[in-house]
Each structure stands twice: as structure tokens, then as C-alpha cells.
1. Considering only residues of the stretch 156-171 that are of a type in the set (A, V, I, L, M, F, W, C) and modelled with pLDDT of 85 or more, which is surrounded by the most Cβ atoms within 10 Å (Cβ to Cβ)?
2. Residue check: is VAL29 of a type in the set (A, V, I, L, M), in a helix (DSSP H, G or I) and open to solvent by 90 Å² or more (accessible area, probe 1.4 Å)?
3. Considering only residues that are assigned to a loop (DSSP other than H, G, I, E, B), under 27 Å from ILE98 (Cα atoms) and of a type outside the set (A, V, I, L, M), which ones fall in the stretch 150-172?
4. Any idea how many residues of the stretch 83-127 are open to solvent by 40 Å² or more (accessible area, probe 1.4 Å), touching a residue at least 12 places away in the same chain (Cβ under 8 Å) and within 14 Å of GLY145 (Cβ to Cβ)?
5. Just need a number here: residues in the stretch 104-117 that are closer than 11 Å to ALA170 by Cβ and part of a helix (DSSP H, G or I).
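The values are calculated or read from the model by the stated rules, or taken from the named source; none is laboratory data. Given the structure is predicted, the values throughout are model-derived calculations rather than measurements. Using ideal geometry, Cβ is built from the backbone for each residue, glycine included, and neighbour counts are taken over all protein chains shown. Surface accessibility is based on the protein's heavy atoms, side chains included, excluding ligands, DNA and RNA. Shrake-Rupley method; radii C 1.70, N 1.55, O 1.52, S 1.80 Å.
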Amino acid sequence: GFILIQIVAILTTLFLYGQYYIPRSVSRVDQVYYVFASVSIGTLMAVALSILIFKDNDAIADYPRTMILYAWVFTIMLITFGRILHQAGRNVLRDRGIGRDRLLIIGSGDTARIILQRISWSPQLGYELVGIVNGVSGEEETVLGVPVLGTPEDLPYLIENFAIDEVIIAMPEKG
């Protein structure tokens, strides 16, 4: 019963912390921190629930306290190791072209160039950069080697014909 309560408490805490969705650009340090926090809170909740549920049971008095510590440490290690394996598997698939999101950037100024460079320097993000939508028609044909496909008015056509998954708007407001 203790193990079942701990599993449910940790899974619930991971869910409430939003740990079943791993964003593209979270560092491993941040992932380990969130796993550490979620498992710690889940373990504390499991201990509290176990004491409440099994308060009249003699098994709670005989349960070794170090087992709680071992379960806490091993849970953190195994979840972190599983996430590292999952990330490595995703990166291998993305390198083969599986699971990549087709991306379109709106804008051609400095902000768009910075985003374009970051995406091209970080293939592990899993983006396939299709092109750029420029604010003014006929201004440039390419930006840093990426083709300019049209203007913002062409967006519905471009999204449908190029099967775009994500759009990044990189046009800062004019002051």
C-alpha cells in the first residue's frame, strides 16, 4: 500500500507541475530541478497520506524510514535518466527528419535575423525552417540564406501550401 500511495502521489505531482510536456529549449539543469521538486513534494505527500491512511496499522511503525529516502533518491535518478534517454531518442529521430516542425518566421529585421541564427545553430530544437515572410514585398529574396516567401497578406496561402506547423512573429512594434 505504501508504494502505491507513493506512485500515485508522485505521478499526480508531476502532472500538476506540468512535467509530462517537455518544451523544446529547457536545459537539463532545469529539468533535473523540476523533477527534484516534483518528486520531493510527491514523496512528502505520500508519507503524509500513508500516515493518515495506515495510522492504526502496525506496519507503519515497522516501515524503515531509510526506504523513503532510497525511494526518493532512486525516483529522481530514474526519472532524470528516462528524460535524458527520451531527449536523445527525440534528437535521433529529428536528425532523420522525423518529428520536425516546419517553421515560418514573420519579419526580416534584426529580431528575425537573431531568431533565424539561433534556430539554425540549434538543430536539437527540431525545427525545419521553411522560409521568411517579409513585411514589404519585393525587398529581399533571401535573409541569411533563407528564402523570403511573401508578405503577411500571403500567410493563409503559405501556411496551407507549405504545411507550416509553427509561425514565429519577429516584427517588433515601431515606436
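1. At the first step, the residues of the stretch 156-171 found to be of a type in the set (A, V, I, L, M, F, W, C) are 158-159, 162-164, 167-171.
Filter again for modelled with pLDDT of 85 or more, leaving 158-159, 162-164, 167-169.
Working: LEU158: 20, ILE159: 17, PHE162: 13, ALA163: 9, ILE164: 18, VAL167: 15, ILE168: 17, ILE169: 14.
It comes out as LEU158.
2. Numbers: of a type in the set (A, V, I, L, M): yes; in a helix (DSSP H, G or I): yes; open to solvent by 90 Å² or more (accessible area, probe 1.4 Å): yes.
Answer is yes for this residue.
3. Narrowing the stretch 150-172 to residues assigned to a loop (DSSP other than H, G, I, E, B): 151, 162-165, 170-172.
Next cut, under 27 Å from ILE98 (Cα atoms) only: 162-165, 170.
Across the stretch 150-172, the qualifying residues are PHE162, ASP165.
4. 3
5. Of the stretch 104-117, the ones closer than 11 Å to ALA170 by Cβ are 104-116.
Going one step further and asking which of them are part of a helix (DSSP H, G or I), we end up with 110-116.
Total meeting the criteria: 7.
For (1) modelled with pLDDT under 85; (2) touching a helix residue (DSSP H, G or I) at 6+ places or on another chain (Cβ under 7 Å), each residue gets a yes or a no:
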| residue | (1), (2) |
| --- | --- |
| TYR33 | no, no |
| VAL47 | no, yes |
| ARG65 | yes, no |
| GLY97 | yes, no |
